1. What are the pairs with Cβ atoms under 8 angstrom where one residue, in the range 88-99, is in the same structural domain as Phe52 (by the TED database) and the other, located anywhere, is assigned to a helix (DSSP H, G or I) and surrounded by fewer than 16 Cβ atoms within 10 Å (Cβ to Cβ)? Sequence gap at least six, or different chains.
2. In contact with a His (Cβ under 9 Å, 6 or more places away or on another chain) and in contact (Cβ under 8 Å) with a residue 60 or more places away in the chain, is that true of Gly322?
3. For the range 37-56, how many residues are under 30 Å from Glu14 (Cα atoms), of a type in the set (A, V, I, L, M) and assigned to a strand (DSSP E or B)?
4. What residue, among those in the range 30-46 that are closer than 19 Å to Val111 by Cβ and not β-branched (Val, Ile, Thr), is modelled with the highest pLDDT?
5. Being touching a residue at least 24 places away in the same chain (Cβ under 8 Å), out of contact with any His (no Cβ under 9 Å at 6 or more places or on another chain) and not polar (S, T, N, Q) is the requirement here; does Ala56 meet it?
6. Looking at this structure, is Arg250 modelled with pLDDT under 95, in contact with an Asp or Glu (Cβ under 6 Å, 6 or more places away or on another chain) and either more than 27 Å from Gly76 (Cβ to Cβ) or among the hydrophobic types (A, V, I, L, M, F, W, C) (or both)?
7. Would you confirm, using the coordinates I've provided, whether Ser314 is at pLDDT below 95, assigned to a loop (DSSP other than H, G, I, E, B) and touching a His at 6+ places or on another chain (Cβ under 8 Å)?
8. Could you please give the count of residues in the range 181-208 that are in contact with a strand residue (DSSP E or B) (Cβ under 6 Å, 6 or more places away or on another chain) and either assigned to a loop (DSSP other than H, G, I, E, B) or open to solvent by 70 Å² or more (accessible area, probe 1.4 Å) (or both)?
Amino acid sequence: MRRLPIYFLIDVSESMVGEQIQFVEEGLATIIKELKSDPYALETAWVSIIVFAGQAKTIVPLQEVISFYPPKFPIGAGTSLSNGLGHLMYELRKNTVQTTATQKGDWKPIVFFFTDGTPTDDSSAAIREWKQNWQHKTNLVAVSFGDENNLSVLKELTATVLMFKNTTPQAYKEFFRWITASIKSSSVSVSNNGSGMELAKLSDGVIEKVDIDKLPPVQPGFVDTNYAIFAAKCQNTQKPYLIKYKKGLRPVNISGMNMQSMGYRLNGAFPVDNAYFELSAEGGVINSKVNTDELEGFPTCPCCGNQYGFAVCSCGKVHCVGQEEVSSCSWCGKQGKYGFGSGNMDINRTQG
């Protein structure tokens, strides 16, 4: 039986931390559960999951649906589209069975590419390679989660660019039902010697197709400015966590007047495991800072519950502190007494 390879290329950069990555995990699990009960998908569909942040890796190798077990998704720093695309092309070269005089090869692979942020590297060389070698050999569906990311980059990869805007829990369920229906339709198509990818009807108000002809030119950037994200470590457990702020209007008081100013509002603090460092961009340090005056809200530590999850050591790194008289930096080991000041300071952000 000829295979229908289906790849999920998923952005697991820091901006995905929290509810978004949880919804994606649950959605992929639902897709696989549904496909396991579909006779056409069982016969033809093979699935793989590739994740990327600053680095990329395959977390589920290409395999039959019946053997697939949904994974837990890691988080990393940066959004290296060049590494994500490069790893996808490597997997396609390695796994695709070509048609020969003695055998029929795989059906045209389908790639679902999910991202919510702007690439933080120069991905022009990888995009050129994709266009030259793979754009016409695959069916790629690029999905932007929200309206913040650089859609102009996605139009360089495929004519099928979709925007998933209504990111409520119910909308996520509708979105993954659409993915499931599209895979089922494609499985039926190839089983009946059809053309391959058959996308289901888009859900009104949940997913919309982007008119790529109206998109502006690509604007490269090396920091995702839609978020301000800080890497921290718990003083007690030594485990890493991320503090995530989202860009938006926030209330400020200027000369006794209540006004609104653009800044970053706290979204939450989220524990991550050591895979975070494995998937982060090499070097990891960027020359980009955020002033504390731009931030609204400060978290507790999500690992140990310390009241102050945003303490800055003289080494420039962030960790938590509690009621102890002398605190230790989880990054450099320096000890000191922490207090509150009335001024402001610039703090190193991650790439997002």
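1. From the range 88-99, the pairs are Met89/Glu129; Met89/Asn133.
2. On the way: in contact with a His (Cβ under 9 Å, 6 or more places away or on another chain): no; in contact (Cβ under 8 Å) with a residue 60 or more places away in the chain: yes.
No, not satisfied.
3. From the range 37-56, those under 30 Å from Glu14 (Cα atoms) are 46-56; that's our starting set.
Next cut, of a type in the set (A, V, I, L, M) only: 47, 49-51, 53, 56.
From the residues that got through so far, the ones that are assigned to a strand (DSSP E or B) too are 47, 49-51, 56.
Qualifying residue count for the region: 5.
4. As a first pass, look at the range 30-46 and keep what is closer than 19 Å to Val111 by Cβ: 31-32, 35, 41, 44-46.
From what's left, not β-branched (Val, Ile, Thr): 35, 41, 45-46.
Details: Leu35: 93, Ala41: 92, Ala45: 93, Trp46: 96.
In this case the residue turns out to be Trp46.
5. Numbers: touching a residue at least 24 places away in the same chain (Cβ under 8 Å): yes; out of contact with any His (no Cβ under 9 Å at 6 or more places or on another chain): no; not polar (S, T, N, Q): yes.
So Ala56 fails the test.
6. Numbers: modelled with pLDDT under 95: yes; in contact with an Asp or Glu (Cβ under 6 Å, 6 or more places away or on another chain): yes; either more than 27 Å from Gly76 (Cβ to Cβ) or among the hydrophobic types (A, V, I, L, M, F, W, C) (or both): yes.
Criteria met by Arg250.
7. Working: at pLDDT below 95: yes; assigned to a loop (DSSP other than H, G, I, E, B): yes; touching a His at 6+ places or on another chain (Cβ under 8 Å): no.
Against the criterion (at pLDDT below 95, assigned to a loop (DSSP other than H, G, I, E, B) and touching a His at 6+ places or on another chain (Cβ under 8 Å)), Ser314 does not qualify.
8. Qualifying residue count, the range 181-208: 2.
The values are calculated or read from the model by the stated rules, or taken from the named source; none is laboratory data. Source: prediction; values computed, not measured. So basically every Cβ, Gly included, is an ideal-geometry build from the backbone, and we count neighbours across all protein chains shown. To get the accessible areas, we keep the full protein, side chains included, count just its heavy atoms, and leave off ligands, DNA and RNA. Shrake-Rupley method; radii C 1.70, N 1.55, O 1.52, S 1.80 Å.
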